1. Are there trypsin sites (Lys or Arg not before Pro) in region 44-128 that DSSP puts in a loop and that have at most 15 other Cβ atoms within 10 Å, and which ones?
2. Sort all Cα-Cα distances of region 102-154 into consecutive 10 angstrom bins from zero, then give the percent of pairs in each bin up to the one containing the longest distance.
3. On alpha-carbon atoms, Rg over Rh for region 1-63 using Kirkwood Rh?
4. Could you pull the accessible area for SER25 with a 1.4 Å probe, rounded to 10 Å²?
5. Can you compute 3J(HN,Hα) from phi for each residue in region 24-32, using the Karplus curve 6.51 cos²θ - 1.76 cosθ + 1.60 with θ = phi - 60°, rounded to whole Hz and x for Gly and Pro?
6. D for region 30-106, whole µm²/s, Stokes-Einstein with Kirkwood Rh over alpha-carbon pairs at 20 °C and 1.002 mPa s: what number?
7. Residue-wise, which Karplus ³J(HN,Hα) couplings in Hz belong to region 99-106, taking 6.51 cos²θ - 1.76 cosθ + 1.60, θ = phi - 60°, and x for glycine or proline?
8. What's the magnitude of the charge dipole for region 98-156 around its Cα centre, counting Lys and Arg as +1 and Asp and Glu as -1 at the beta-carbon? Answer in Debye, nearest 20.
Amino acid sequence: KGNEIALFAKSNSTSYSWSPAEGLSCTNCASLFSSPSITTTYYVITGSSNPCFITDSVTIYVITPCGEIMIPNAFSPNNDGINDVLAINQNCIEQFDFKIYDRWGNKVFESQNANETWNGTYQNKTMNPAVFVYSLTSTMQTGQSITKKGNISLIK
């Protein structure tokens, strides 16, 4: 966490296309740096003047130290493959209770599973862009209790 990783696409290609773009220093280079904030699988498509394309992938694992919970303050569930779900970056959680409320105080999401994500829907309907309030209480494997509250922006 907090480090850059060098990525190389080795081929005789004349074009490169990396995705998702988040955390990358360049999306059309053979060599670049990656610094994702969460574990991310990057895909590269290489091509040349002939109609031959090669696709490959690499996963960069981001390890969160035990006792640290990172909650993004925004996500964009617009089905573009980038930040489409709200995922909490966590490690070593024993117990977990996460709730999200709209501006009228309606609970739009709740989970006791730290690996569950929110896709920006409520009662099977896509939510409009807005700011939501969250409440998190958790107990780590070390016995440490963590409570967090804050805002999350749903953008499109």
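1. Values: sites: LYS99, ARG103, LYS107, LYS125; in loops: ARG103.
Sparse-neighbourhood loop trypsin sites (Lys or Arg not before Pro): ARG103.
2. Spelled out per bin, shortest first, that is 19, 52, 22, 7.
3. Working: Rg = 11.9 Å, Rh = 12.0 Å.
Expressed as Rg/Rh, it is 1.00.
4. Using a 1.4 Å probe on the heavy atoms, I get roughly 80 Å².
5. 9, 7, 7, 9, 10, 10, 6, 10, 7
6. Numbers: Rh = 16.0 Å.
My calculation gives 134 µm²/s for D.
7. Couplings: 10, 10, 10, 7, 5, 9, x, 6 Hz.
8. Numbers: 7 positive and 3 negative charges, 36 e Å.
Its charge dipole is roughly 180 debye.
The values are calculated or read from the model by the stated rules, or taken from the named source; none is laboratory data. Quick caveat: nothing in here was measured; it's all calculated off a predicted structure. No Cβ is skipped: glycine too gets one built from the backbone with ideal geometry, and neighbour counts run over all protein chains shown. Accessible surface areas use protein heavy atoms only, side chains included; no ligands, DNA or RNA. Shrake-Rupley method; radii C 1.70, N 1.55, O 1.52, S 1.80 Å.
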